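Take a look at the structure set out below.
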Amino acid sequence: MRHLPVLIVLLPLVAAQLCLLISKIHYKAGRYTVLAAVTGSLVMSVMLLRQVIAEGSVHYYFGNYKVPIGIEFYVDTVNALILVLICLIGALTFMYTTPFARTTDKTLVGAANTMISLLITGMLGMTATGDVFNLYVFLEITSLSAYCLISLGGSRGIVAAFRYLLVGTVAATLYLIGVGILYGITGTLNMSDMAAILSKWGNEGAMLIAMCFLIAAFGTKMALFPFHGWQPSAYTHAEAGSRPLISGVMGKIPAYGLFRYMYCIYGTDYKYFRVFLIVLGILSVCSMLYGSIRAMAQTDIRKMLAYSSVAQMGYIILGFAIGTPLALCGAFLHMFGHAFMKGGLFFATGAIRHKFGTTKLEDFGRIYKAMPFTCGLLVVASLSMIGIPPTVGFFSKWYLAVGAAGTGEFIYIAVLVLSSLLNAIYFFKLIEKVFIQQKSAKTEALPAAEGPEVPLDMMIPIVVCFLAILLLGIFNAKIVDILMLAIKGVAL
Amino acid sequence: MISITALSLRPALAVLTTLIASGLIYVTGERVKANTREAITFVAAFINAALVYSMIPAVLAGKTIKLTVIEIVKGIGFAFNVDAAGMVFACVSATLWILTSLYSVGYMRGHGEKNQTGYFAAFAMCICAATGICFAGNLITFFIFFEALTIATYPLVVHYRDEEGTRSGRKYLAYTLISGQIMFAAIVIVYVCCGTLDFVPGGFIKPEDIPMPLMLILFFMMVGAGMVKAGVMPLHSWLPAAMVAPTPVSALLHAVAVVKAGAFATLRVVLYVFGPESAEYCHGADILAWMAVITILVSSLIAIRKDNLKARLAFSTIGQLSYIVLGICILSPSAAAGALYHIVAHAFMKITLFMAAGAIFVTTHKKNISEMVGIGKRMPVTMTAFAVASVGIAGFPFIVGFVSKANIIVGALEQGKPLFACTLIASALLALAYLMPVVYMAFKKDVTNPDFPCKAEASKPMLIPLVITAVIAVVLGVCPNFGLHLYDLACMAGNAIFGIGGSLL
Amino acid sequence: MMTTINAFLAYKGIYFLTFLLLALGLSGIIVCKNYMKKLICMNVMQVAVIFFFLCLGQKDGGTIPVAVEGLSAAADYINPLPHGLMLTAIVVSLGTTGVGLALLLRIKEKYGSIEEDKIIKREKKF
């Protein structure tokens, strides 16, 4: 029980190492190893969540070295929920990737699974850690795995991966500079210790510069406007099986990191805090509008969803920019909801590609007859993106809007409304294509049009996402209650 | 949490039944025989009606039935609160679902329609949303069902999956979604200013709560969604465009669910959220009343010029719905009661007219009035029902339209706004002008139309509902409280809003 | 005046050089058309940051952090922590460069060149 935080991160790490070896035996064995590990992590993260709700935040000191000398894992309710989210989507993605293995080459399949496992490890570590340099290490683990996974996506994937590598490394470097400045001021690397020292003796000018670097770094990693350039091609060409994980979750963890820095380390009493709020506000508004506008123009559904992700990250950052407890809850609720929404949409489009071999929008005519559940998920996820109740997208918007109204920033409410409507344009275009447009010649001629809708391995994630979007919406008050335990202390 | 008794579960059960029915039809529709699928609709319709009717005695006695299901957002519950106003609308929608379902069966089969499963599933979903709108106890629950109604009606509007259907679907969505989102923004601001969203007869926004220019802007932001759905000009153009849908859909959309939900939304916003005091203080009620007047007159004038029967009826609907809006904005108990009762009245009359139009289309394939000369010879029962309903729309005594109109006129005079009364009388004459020619042409004796040689009525499933609604229109006109005591309920609501008669909520 | 500049350069000058190196690396990534050159500039950037950290750990008159008989005060040794951190950073840089090189090999295989414009042209074909 005491070691839960580290075990959660350790299991996928160990499985990653074993997977490559075990795959030599049978190419599927490696996958089951990792799946078992991730499921184990999922169970443990749920246990950890319950422990944190009952007893308060958990500190885990590595090697029993007390802070500030040792490294610690610090888990409060916000972390714990994100850990559960990562494990859940990780497990679903694992189930989902099976039919995509186009080859039975042991090394290749083993390597792909290893990479996904490492990605999950990196994300889990980034979420759970309480040490800033440790965060850098896990950040780079995540990024490297992502580069590799994206490069598995075909010829265009390799170039996209290389470009992402350059951009991502620049971002990590900037992060390191920010950490360096903060270390130079405080002399410590532990988050809570840093927070205590900064609030007493912080050099405000240097902190401001450090924050600029940090915003640039995290902004690039989560593809916030104007740092989003790498994202559309990267998401489009990533390996189809890992795309839901990369797009659904990987972008969110840097946002969580930004939250930790802004609210926990810097604290709302920091002299220039308002400046950050304004800067983040501007960036989020631009993201929301730019992402939606670019998404409207796309013909390939994967690119459309990638630009839509830029817009959705804007919502989360808007929550950080408003700063009141409810707004922060809205941001995190949107984080969870969007993981299922975007993940769900990528699950669905991957399934369509698997069955019909195309992702161009004009080929989607009337596929709902052949794939009712998948299209049901498409509809629910689209409605959630637009913000129609009772899906989770509506409720996260509600909290963001209430937060904005509370601080009198009506401009944010206007942007929220506008962005919902822009979302409606291209998501209803999608729905129209799926349900109304005449059947495309391409899809009719395909032999795969018969038979079961999609293999069971793909069906489970689709159904789970469908239910999650609705259940998260209906029971959002409970989640907000859990989040409030941690957020009340740090919010504006 | 309020203790759950069988009494208080009924609003949730009513909504749940329709929801389950919709899901069942969608999932099993293609795989079972058509009769089984239709049976699901009818069983659900009867259960729904039974649940709704069973709550009337409690509401008549002055109680309201409350139920909070779950905390839906931090601080607000997903709450049902069945009061007199909601009861009126709910009874109408429950009754008419049964009748329109029967009619739909006849129409769809007679016309050989495709996509019937989607149609019936969406139908059930609409009724679910409409029932939810009636019984919602606070603005958030209301908004959830309101948006659900938008989404549920979209498949109905684009039923004929062709170019025109898609375009009108887009127009419909554009109007309803934009106004819905603006209403969302308004709800958020009201919540932050007033701290509560529960519907209270007489409103919960006091003039001191919100500064004046903001209050007027909020008023129109909130009412906007209702205005769009109720077709108040200039936000009405989706209605004629949406007529490309099959006639039962038009009957449902234009007589029962969507437009009435819009009018009901206006009622809730003006009288249960803002309240007469604030509505008058910010002049919102005044402005809206004049917009309603313009709508009534202009739509009637446009209706006179339309040759397509359904188009004419659509513009008539726009005008009639603005009666309700006008009645709400006059801010008097009688006018409010009249507006509520007009929901009932207009529903029955207009649905008769639409059903007749659909029957004509299915049996003779005629859409334009100019082609319908002498049709009375072929379909006398249908056209008689049409004539009765037309006369009722104009407001003749002994047909139900007169009751509601009289109440609104009395209310207008009570408030000292005689101009509104004149508008109503003028529009009655205009209504005669656009409906009587149809009747006249149908029953012209001296012309023999080669298309209509002999008597050949519409099929039974189509004929029976429209006769029933016509009969109900007459019965309610003579005895407004017959059966479900709808008139009493409407008056109760009116009194409750204005705090008269020591009402207990 | 000279003394202030001298003092400034002595203590802060190195940081400017570090940032200059960083800027060189960053501009190289943006400007260079050859992917290999971009990768090299990326390495230059990472080295710059490593220097930045090491400079943080310097102390006037301190020796390398290996224990020496007779010297026990903390002021006698430079701060070893940044060095430890930078070992990690070097390893990360190594890993990233390795992945980058592997990707470059593949790109050369598939596209026949590692010049940006040629790749963009060939990309359209895929």
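Tally the residues that are more than 14 Å from chain A (Cβ to nearest Cβ) and assigned to a loop (DSSP other than H, G, I, E, B), restricting the search to segment B:179-232.
Counting residues in segment B:179-232 that are more than 14 Å from chain A (Cβ to nearest Cβ) and assigned to a loop (DSSP other than H, G, I, E, B) gives 12.
Just to check your reading of the model, which residue among A:K360, A:K369 is surrounded by fewer than 24 Cβ atoms within 10 Å (Cβ to Cβ) and either facing chain B (nearest Cβ under 10 Å) or at pLDDT 75 or above (or both)?
Only one candidate passes the filter, namely A:K369.
Considering only residues that are of a type in the set (D, E, K, R) and modelled with pLDDT under 90, look in segment A:1-55 and name the one that is surrounded by the most Cβ atoms within 10 Å (Cβ to Cβ).
Of everything passing the filter in segment A:1-55, A:R31 is surrounded by the most Cβ atoms within 10 Å (Cβ to Cβ).
Restricting to segment C:110-121, what's the tally of residues that are without any contact (Cβ under 8 Å) to a residue 60 or more places away in the chain and facing another protein chain (nearest Cβ under 9 Å)? Break it down into steps so the answer makes sense when it comes.
Taking segment C:110-121 as the starting set, the residues that turn out to be without any contact (Cβ under 8 Å) to a residue 60 or more places away in the chain are C:110-113, C:118, C:120-121.
Subset that is facing another protein chain (nearest Cβ under 9 Å): C:110-111, C:120.
The total comes to 3.
Looking for something modelled with pLDDT under 85, within 16 Å of B:V228 (Cβ to Cβ) and surrounded by 22 or more Cβ atoms within 10 Å (Cβ to Cβ) - is there at least one such residue anywhere in segment B:133-142?
Checked segment B:133-142: no residue is modelled with pLDDT under 85, within 16 Å of B:V228 (Cβ to Cβ) and surrounded by 22 or more Cβ atoms within 10 Å (Cβ to Cβ).
Mind checking which residues of segment B:47-78 are crowded, with 24+ Cβ neighbours inside 10 Å and either of a type in the set (S, T, N, Q) or within 14 Å of another protein chain (Cβ to nearest Cβ) (or both)?
B:N48, B:I72
So, in segment C:39-61, exactly how many residues are at the interface with chain A (Cβ under 8 Å from one of its Cβ atoms) and at pLDDT below 90?
Number satisfying all stated conditions: 1.
Among the residues of segment B:362-369, are any under 25 Å from B:C491 (Cβ atoms) and part of a helix (DSSP H, G or I)?
no
Being in contact (Cβ under 8 Å) with a residue 24 or more places away in the chain, under 23 Å from A:N203 (Cα atoms) and β-branched (V, I, T) is true for just one of A:V109, A:V132, A:V170. Which residue is that? Outline the logic, then answer.
Details: A:V109 fails: under 23 Å from A:N203 (Cα atoms); A:V170 fails: under 23 Å from A:N203 (Cα atoms).
Going through A:V109, A:V132, A:V170 in turn, the sole match is A:V132.
Take C:G25 and decide whether it is within 11 Å of the chain's Cα centre (by Cα), within 30 Å of A:S155 (Cα to Cα) and surrounded by 14 or more Cβ atoms within 10 Å (Cβ to Cβ).
Criteria met by C:G25.
Listed here are the residues, each with its yes/no results for (1) of a type outside the set (A, V, I, L, M, F, W, C); (2) more than 25 Å from the chain's Cα centre (by Cα); (3) at pLDDT below 85; (4) part of a helix (DSSP H, G or I).
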site: B:G23; (1), (2), (3), (4): yes, no, yes, yes
site: B:V32; (1), (2), (3), (4): no, yes, yes, no
site: B:N35; (1), (2), (3), (4): yes, yes, yes, yes
site: B:I47; (1), (2), (3), (4): no, no, no, yes
site: B:A50; (1), (2), (3), (4): no, no, no, yes
site: B:T68; (1), (2), (3), (4): yes, yes, yes, no
site: B:A85; (1), (2), (3), (4): no, no, no, yes
site: B:F89; (1), (2), (3), (4): no, no, no, yes
site: B:V92; (1), (2), (3), (4): no, no, no, yes
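Can you tell me which residue in segment A:299-350 is modelled with the highest pLDDT, limited to those that are within 17 Å of A:S396 (Cβ to Cβ) and not in a helix (DSSP H, G or I)?
A:T324
All but one of (1) at pLDDT 80 or above; (2) surrounded by fewer than 23 Cβ atoms within 10 Å (Cβ to Cβ); (3) over 27 Å from A:L470 (Cα atoms) hold for B:K114, so report the exception by its number.
(1)
Could you grab the pairs with beta carbons closer than 6 Å, sequence gap of 6+ or different chains, first residue in segment C:84-105 and touching a residue at least 60 places away in the same chain (Cβ under 8 Å), second one surrounded by 13 or more Cβ atoms within 10 Å (Cβ to Cβ) and outside any helix (DSSP H, G or I)?
C:L104/C:I114
Going by what's in this entry, would A:M458 be described as within 22 Å of the chain's Cα centre (by Cα), at pLDDT below 85 and more than 10 Å from chain B (Cβ to nearest Cβ)?
Considered against the rule, which asks whether it is within 22 Å of the chain's Cα centre (by Cα), at pLDDT below 85 and more than 10 Å from chain B (Cβ to nearest Cβ), A:M458 comes out as yes.
Test C:K125 against the stated conditions and say whether it is at the interface with chain A (Cβ under 10 Å from one of its Cβ atoms) and assigned to a loop (DSSP other than H, G, I, E, B).
Values: at the interface with chain A (Cβ under 10 Å from one of its Cβ atoms): yes; assigned to a loop (DSSP other than H, G, I, E, B): yes.
The answer is yes for C:K125.
Pick from segment A:85-110 the residues that are among the small types (G, A, S) and at pLDDT 80 or above: which of them is nearest to A:M123 (Cα to Cα)?
A:G90
Residue check, C:I78 against (1) under 28 Å from A:S143 (Cβ atoms); (2) without any contact (Cβ under 8 Å) to a residue 24 or more places away in the chain; (3) surrounded by 17 or more Cβ atoms within 10 Å (Cβ to Cβ), all met but one. Which one?
For C:I78, the exception is condition (1).
At least 1 residues that are aliphatic (A, V, I, L, M), under 29 Å from C:N34 (Cα atoms) and in contact with a Cys (Cβ under 8 Å, 6 or more places away or on another chain) in each: list the helices (runs of 4 or more DSSP H) lying fully within segment A:111-219 that qualify.
Numbers: elements: A:132-151, A:155-186, A:191-201.
Result: A:155-186.
A quick yes/no check of all residues on (1) surrounded by fewer than 24 Cβ atoms within 10 Å (Cβ to Cβ); (2) at pLDDT below 90; (3) more than 10 Å from chain C (Cβ to nearest Cβ):
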position	(1), (2), (3)
A:S151	no, yes, no
A:R156	yes, yes, no
A:F162	no, no, no
A:I181	yes, no, no
A:N203	yes, yes, yes
A:C212	yes, no, yes
A:Y235	no, yes, yes
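Looking at segment A:406-436, which of the residues that are within 8 Å of chain B (Cβ to nearest Cβ) and touching a Ser or Thr at 6+ places or on another chain (Cβ under 8 Å) is farthest from A:S287 (Cα to Cα)? Give the steps one after another, and end with the answer.
Looking only at segment A:406-436, we keep the residues that are within 8 Å of chain B (Cβ to nearest Cβ), and these are A:406, A:410, A:413-414, A:416-417, A:420-421, A:424, A:428, A:432, A:435-436.
Then drop every residue that is not touching a Ser or Thr at 6+ places or on another chain (Cβ under 8 Å), which leaves A:406, A:428, A:432, A:436.
Working: A:G406: 23, A:F428: 21, A:E432: 26, A:I436: 31 Å.
Applying the filter and picking the extreme gives A:I436.
Being more than 9 Å from chain A (Cβ to nearest Cβ), under 16 Å from C:G57 (Cβ atoms) and in a helix (DSSP H, G or I) is the filter here; which residues of segment C:71-100 pass it?
The answer is C:A74, C:A75, C:D76, C:P80, C:H83, C:G84, C:M86, C:L87, C:I90.
Looking at A:G403, A:G387, A:G376, which is the one that is over 25 Å from B:A129 (Cα atoms) and either at pLDDT 90 or above or within 10 Å of chain B (Cβ to nearest Cβ) (or both)?
Selected residue: A:G403, the only one of A:G403, A:G387, A:G376 that is over 25 Å from B:A129 (Cα atoms) and either at pLDDT 90 or above or within 10 Å of chain B (Cβ to nearest Cβ) (or both).
Kindly list the number of the only condition in (1) modelled with pLDDT under 90; (2) more than 10 Å from chain B (Cβ to nearest Cβ); (3) surrounded by fewer than 19 Cβ atoms within 10 Å (Cβ to Cβ) that fails for A:L470.
The one condition A:L470 does not meet is (1).
Identify, by number, the condition in (1) crowded, with 24+ Cβ neighbours inside 10 Å; (2) modelled with pLDDT under 80; (3) at positive phi that B:V249 doesn't meet.
(3)
The values are calculated or read from the model by the stated rules, or taken from the named source; none is laboratory data. Keep in mind the model is a prediction, meaning the values are calculated, not measured. Neighbour counts are summed over all protein chains in view; Cβ atoms, including those assigned to glycine, are modelled from backbone coordinates with ideal geometry.
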